[in-house]
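All remarks here apply to the structure that follows.
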Amino acid sequence: MKYKRGFTVIELVVAITIVLLLVAVAIASFNDHMTRKYRAEARKALIENAEWLQLQHPKSGTYLVKLPIPQTPNDGDARYRIELVSSPFTATDPKVQFSASSVAAFTLRAVPLSGDSCGSLLLDSTGRTGVSGEDALVADCWH
């Protein structure tokens, strides 16, 4: 009896299914990594802007100035817009209201320009952090 060489259709379908599952997992993992990377850049920009504002306040007498880092990344397509909060803003975690920026205090917000489960990241002049995502937690988004 001679054996035919090659693969059966079932073997090919199983092999293709396994490859597609591996690709799907790899893509999901990559997208999650990139989201965390962009969020880390936004957190860094908030902290750098806050430090800059603290240094500039004695010179200018106000926190209502143009921010040195208005977006992340600094060049190329923006992923987050960094801004001074102009009206009181309630965070979802912690469930408190962050005050509007003024001459005496500031609240910075990093607004994602595409979907992010953490929503906006918040940092005020006292060092308090917050998030605005519906089920987001500061512990998860600010680590």
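Read the figures in this text as sums done on the coordinates, not as results from a lab. Values in this document were obtained by computation on a predicted structure and should not be read as measured data. Every residue, glycine among them, receives a Cβ derived from its backbone with ideal geometry; neighbour counts consider all protein chains shown.
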### Task
Find the Rg to Rh ratio for the chain, where Rh is the Kirkwood radius over alpha-carbon pairs and Rg uses the same atoms.
1.31
### Query
the range 1-89: which trypsin sites (Lys or Arg not before Pro) are DSSP loop and have at most 14 other beta-carbon atoms within 10 angstrom?
K2, K4, R5, K66
### Task
Any chance you could give the angle, 0 to 90 degrees and rounded to 10, that helix 9-60 forms with the longest Cα principal axis of the chain?
10
